[in-house]
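The values are calculated or read from the model by the stated rules, or taken from the named source; none is laboratory data. Since this is a predicted model, take the numbers as computed values, not measurements. Cβ: placed from backbone, ideal geometry, glycine included. Neighbour counts: every protein chain shown.
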Amino acid sequence: MYRKTNETEITLVLGQDTKINTGVGFFDHMLELFSFQSGVALNLECKGDLNVDAHHTVEDVGIILGQAFKELFGDKKGINRYGEATVPMDETLAACNLDISNRPYLIFNAEIPSAKVGDFETELTEEFFRAFAVNSGITLHINVKYGKNSHHIIEAIFKSFGRALKQAMIKVGDDIASTKGVL
């Protein structure tokens, strides 16, 4: 996939070796963790207007990843549909519950104490997940039960999201997991 705006230029291929470069080191690290936990390799290159800040980069990566996963879900026949994972990271406990429903929605309950981790503005965590949820068509609930270290909180969120998404994408049959017959 390819996305070019006045603010970013992004190339993404799913399923190849994981290689991520957004120019935002901590965000790259979180995407690598998500890739590993979800079982979906990400080859992602983003050139963004980092001279402004990382907002456009993080949001646009969320948009293109959401679009790519929506394609990956396909017609949704046979997928588990629902996924959940709770991940501890030292003093932190984060939970993610999701539904590949074609009804995008985000609940994000996480208090992140620091404004930045490395070169990453922590408020962009929610922006990334909103962009992903809207563009993939998933209902996504992220709840951090407790935590003190901003790095650990965000890392537990990305890991729990990857694990929940992996569970939801598992093929469990041939039918669409809905009494409506469509998602």
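Sub-9 Å Cβ pairs linking a first residue in the stretch 155-183 that is acidic (Asp, Glu) and at pLDDT below 95 to a second residue that is surrounded by fewer than 23 Cβ atoms within 10 Å (Cβ to Cβ) and not in a strand (DSSP E or B), at least 6 apart or interchain, are 174/77; 174/78; 175/77; 175/78; 175/181, ordered by first then second residue. Among the residues of the stretch 61-74, not a single one is farther than 24 Å from residue 98 by Cα, out of contact with any Gly (no Cβ under 6 Å at 6 or more places or on another chain) and either of a type in the set (A, V, I, L, M, F, W, C) or in contact (Cβ under 8 Å) with a residue 40 or more places away in the chain (or both). Here the condition is being among the aliphatic types (A, V, I, L, M), in contact with a Pro (Cβ under 9 Å, 6 or more places away or on another chain) and modelled with pLDDT of 95 or more; of 134, 117, it holds for 134 alone. Residues that are among the charged types (D, E, K, R) and over 14 Å from residue 96 (Cβ atoms) within the stretch 143-169 comprise just one, 148.
Does residue 40 count as under 16 Å from the mean Cα position of the chain (by Cα) and part of a loop (DSSP other than H, G, I, E, B)? Judged against the criteria, residue 40 is a match.
What residue, among those in the stretch 22-62 that are aliphatic (A, V, I, L, M) and surrounded by 20 or more Cβ atoms within 10 Å (Cβ to Cβ), is farthest from residue 139 (Cα to Cα)? The selected residue is 24.
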